[in-house]
Amino acid sequence: MVNLFITLIMIGIPLNPSLRSISNTIKIEQRTLHIVESWPIYSIDDSEGLIKWNRKVVSILKSEIDSIEGVVYVNFWVEKDGKTTQHKIQKGISDNVDFRILEMSKKIKFDLPATQRGKAVRVQYTLPFHFK
């Protein structure tokens with residue numbers, strides 16, 4: 001019995017079941033989640049809102065800059081309040097286009113954040129911009 005007790009303490013399993021749930025909750029709040037129950041929602045009124053916004057940005061840039069081709073990937077975090085932070089270009093086309101897309105993507109605000117177990121969580125999001 002003593003060996004079992006020592007083994008459980010060494011691998012970090014709380015003996016009290018109520019402590020186990022507190023321990024799991026703390027771990028979930030501290031780690032970064034890449035798969036969540038509910039992804040952030042850009043527009044409550046329009047399920048295609050982010051896609052429409054993306055197409056609008058692409059058409060604006062195509063009208064201003066000739067002969068753009070390729071895909072620009074912007075990576076950012078969606079915070080618990082729906083705001084976006086830490087924007088960066090994962091893959092770009094040119095400095096000018098990348099800069100413009102980065103500036104426009106900083107204006108994105110999601111109506112609803114991602115959720116896990118009923119609580120708002122921050123998630124990483126990658127948004128592609130296709131130029132043909």
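The values are calculated or read from the model by the stated rules, or taken from the named source; none is laboratory data. No experiment lies behind these values; they were computed from the predicted model shown. Heads up, the Cβs are rebuilt from the backbone with ideal geometry, glycines too, and the neighbour counts pull from every protein chain shown.
Of (1) in a strand (DSSP E or B); (2) within 14 Å of Pro40 (Cα to Cα); (3) not basic (Lys, Arg), Pro128 satisfies all except one. Which?
Pro128 satisfies every listed condition except (2).
List the residue pairs whose Cβ atoms are under 7 Å apart, where the first residue sits in the range 98-112 and is in contact (Cβ under 8 Å) with a residue 12 or more places away in the chain, the second is in a helix (DSSP H, G or I) and β-branched (Val, Ile, Thr), and the two are 6 or more positions apart or on different chains.
Listed by first residue and then by second, the contacts come to Ile101/Val57; Met104/Val57.
Being at pLDDT below 85 and exposed (fewer than 10 other Cβ atoms within 10 Å of the Cβ), is that true of even one residue in the range 46-61?
Among the residues of the range 46-61, not one is at pLDDT below 85 and exposed (fewer than 10 other Cβ atoms within 10 Å of the Cβ), which makes the answer no.
Scanning the range 80-97 for residues that are of a type in the set (D, E, K, R) and in contact (Cβ under 8 Å) with a residue 24 or more places away in the chain, which turns out surrounded by the fewest Cβ atoms within 10 Å (Cβ to Cβ)?
So the first thing to find is which residues in the range 80-97 are of a type in the set (D, E, K, R), and the list is 80-81, 83, 88, 91, 95.
Going one step further and asking which of them are in contact (Cβ under 8 Å) with a residue 24 or more places away in the chain, we end up with 80-81, 83.
Working: Lys80: 13, Asp81: 10, Lys83: 15.
Here the residue is Asp81.
If Val57 satisfies all but one of (1) part of a loop (DSSP other than H, G, I, E, B); (2) over 13 Å from the mean Cα position of the chain (by Cα), what's the number of the condition it fails?
(1)
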